[in-house]
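The values are calculated or read from the model by the stated rules, or taken from the named source; none is laboratory data. The shown structure was predicted, so the numbers you read here are calculated from the model rather than taken from an experiment. Note that we place each Cβ from the backbone using ideal geometry, even for glycine, and neighbour counts take in every protein chain shown.
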Amino acid sequence: MISEWENNLFGLAVVLYLAGMVLYFLYTTRRQERTSRLAFSITGAAFVFHTVAMVIRSAEAGRLPFSNMYEFTSLFAWGIALVFLFVEWRYHIKALGSFVTPVVFGLIGYASVLPKEITPLVPALQSYWLQFHVFTAILAYGGFGVSFGVSIMYLLRERKESADKTLRGFYQLIPNLKALDDLNYGAVAFAFPFMTLVLITGAIWAERAWGTYWSWDPKETWALITWLIYAVYLHARLTYGWKGHRAAWMSIIGFLAVLFTYFGVNLLLAGLHSYV
């Protein structure tokens, strides 16, 4: 049973994330600064209500909210919103909201239809290492989610420039290709160390829970695949100068691997992590 406060705040967060997404879409058509400011403010308010709802749930459960599909999907959305709000505040790329807020809303919208009952932690989850594991995963996925949105913007502008040198309407809101490429790299470079810690803390937790550091469980395997994709991205960029088009596609493929690591493994493949 969840509290009325948590339920109401979470529902309000869902509605506000939706409103923020719609306003970002309106900004790309109307190109009015006040619309973008309102979109940012409402998305920020959604993030605050979302955070408070998770804090209430943690207090009621006596633990951090990471024991089931609902809780981690909510955290997934929260992590992407956190990184996105920071990036927009820092770099003022207002059009980015049109590409990232749909991901946030899609995740929290999906979480809203999942069972929300607070359940006791199974023995395998009763570990401080799991808390570190989930925390690093949320930051990693947040950075990768933003890089995904930036990469789509890059490919759209690149295609437009190759077809028509004159940028009009929505395309005028997208930063130049170099700025997008640099931001894509920055988001991946931020997230990759946390993804590395996901593997390390997960291995330590697995050893404490099941007596082995690595068992080739489907989620472990796909987490490693995800790590390898971004490792190749960084290696190719730093060693061979991969930038632009190829880097954008690598980021998109990497985030699709992130989504499959969570949703695909949970829904399609049975394993030790199926209860998450």
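Name the pairs: first residue in the range 232-254 and free of Cβ contacts under 8 Å to residues at least 12 places away in the same chain, second residue outside any loop (DSSP other than H, G, I, E, B) and surrounded by 14 or more Cβ atoms within 10 Å (Cβ to Cβ), Cβ to Cβ under 8 Å, at least 6 apart or on different chains?
Partner pairs satisfying both residue conditions: Trp242/Tyr233; Trp242/Ala236; Trp242/Met250; Arg246/Ala236.
Grab the helices (runs of 4 or more DSSP H) fully contained in the range 1-119, keeping just those with 2 or more residues being of a type in the set (Asp, Glu).
Because the criterion is at least 2 residues that are of a type in the set (Asp, Glu), the helices (runs of 4 or more DSSP H) in the range 1-119 that meet it are 4-30, 33-61, 69-91.
Go through the range 24-53 and report how many residues are more than 21 Å from the chain's Cα centre (by Cα) and of a type in the set (A, V, I, L, M, F, W, C).
Of the residues in that region, 2 qualify.
Working only within the range 90-116, note down all residues that are within 18 Å of Phe72 (Cβ to Cβ) and either touching a helix residue (DSSP H, G or I) at 6+ places or on another chain (Cβ under 7 Å) or not assigned by TED's automatic domain parsing to the domain that holds His50 (or both). Steps first, please.
From the range 90-116, those within 18 Å of Phe72 (Cβ to Cβ) are 103-116; that's our starting set.
Those that are within 18 Å of Phe72 (Cβ to Cβ) and either touching a helix residue (DSSP H, G or I) at 6+ places or on another chain (Cβ under 7 Å) or not assigned by TED's automatic domain parsing to the domain that holds His50 (or both): Val103, Val104, Phe105, Leu107, Ile108, Gly109, Tyr110, Ala111, Ser112, Leu114, Pro115, Lys116.
Just one of Ser58, Ser98, Ser112, Ser74 is closer than 20 Å to Gly11 by Cβ and either at pLDDT 95 or above or surrounded by 23 or more Cβ atoms within 10 Å (Cβ to Cβ) (or both); which is it?
Ser74
What's the number of the only condition in (1) surrounded by 14 or more Cβ atoms within 10 Å (Cβ to Cβ); (2) farther than 14 Å from Ala247 by Cβ that Thr212 fails to meet?
The one condition Thr212 does not meet is (1).
From the list Leu121, Leu130, Leu114, Leu139, pick out the single residue that is touching a residue at least 60 places away in the same chain (Cβ under 8 Å) and farther than 30 Å from Arg246 by Cα.
The unique qualifying residue is Leu130.
Out of the residues in the range 232-248 that are surrounded by 15 or more Cβ atoms within 10 Å (Cβ to Cβ) and part of a helix (DSSP H, G or I), which is modelled with the lowest pLDDT?
Among them, the one singled out is Gly244.
Keeping to the range 143-174, report how many residues are surrounded by fewer than 17 Cβ atoms within 10 Å (Cβ to Cβ) and of a type in the set (Ser, Thr, Tyr).
Residues flagged as surrounded by fewer than 17 Cβ atoms within 10 Å (Cβ to Cβ) and of a type in the set (Ser, Thr, Tyr) within the range 143-174 amount to 2.
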